[in-house]
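One structure is given here, and the rest of the page talks about it.
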Amino acid sequence: MAKKGLILCVCQGTCPSFKKMDTLEVLNAIRREKIVDFVSLHPQLCADDGDQYLKILLDNKDIDKLYVAACDPLMQQKMFRDALEAVGFDKSKHVALDIRNMSTEEAVNAIKKLISENP
């Protein structure tokens, strides 16, 4: 059965652009809505261990859509390309969203909108 998931990446948790947001509450709000099958938090997906995390996660062929709420979508495409290709994950199944400088509520609403527009 195909699954959908959300990863929230927070730029090490030290980036000022995430200071207005309670990241755990963002994940809890999306989890409670049951609009994805799993949520996760990663401190820095663009680091080497982020690539490893993506490879392990996406080697599961049941994942049909991966939403990543983090930084600029174009940067995400560039940074995650090698990891996605390494496990044969179709890059069109990666849906990116920039949530920097958003409040908790703004991030939750933006993620919900993204998911509804990209089922």
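Here are a few things to note about the model shown:
- Checking the cross-link pairs LYS19/LYS55; LYS34/LYS65; LYS19/LYS93 against a 22 Å limit on the alpha carbon distance flags LYS19/LYS55; LYS19/LYS93 as lying beyond it.
- Checking every one of the trypsin sites (Lys or Arg not before Pro) in region 1-72 against DSSP loop status and a limit of 16 other Cβ atoms within 10 Å picks out LYS19, LYS20, LYS34, LYS61.
- Here, P(r) means the percent of Cα pairs in each 10 Å bin from 0 to the largest distance; for the chain it is 14, 50, 32, 3.
- Surrounding net charge for PRO43, when Lys and Arg each add one and Asp and Glu each subtract one, Cβ distance under 14 Å: -3
- Modelled spin labels at GLU25 and THR104, positioned 7 Å past Cα toward Cβ, are 0.2 nm from each other.
- Over the chain, relative contact order from alpha-carbon pairs under 8 Å, at least 6 apart, %: 35 percent
- The label-point distance for GLN12 and CYS46, in a model that sets each label 7 Å from Cα toward Cβ, rounds to 1.1 nm.
- Farthest positive-ward along the chain dipole, Cα basis, beta-carbon charges - from CYS9, LEU97, LEU57: LEU97
- Comparing ILE35, ILE56, ILE99 in a Gaussian network model of the chain, where Cα atoms under 10 Å apart are tied by springs, the biggest mean-square fluctuation is seen for ILE56.
The numbers here are math on the coordinates, done by the rules we state, and not lab data. If you're wondering where the values come from, they're calculated on a predicted model, not measured in any experiment. For neighbour counting, all protein chains shown are included, and Cβ atoms are generated from backbone atoms with ideal geometry for every residue, glycine included.
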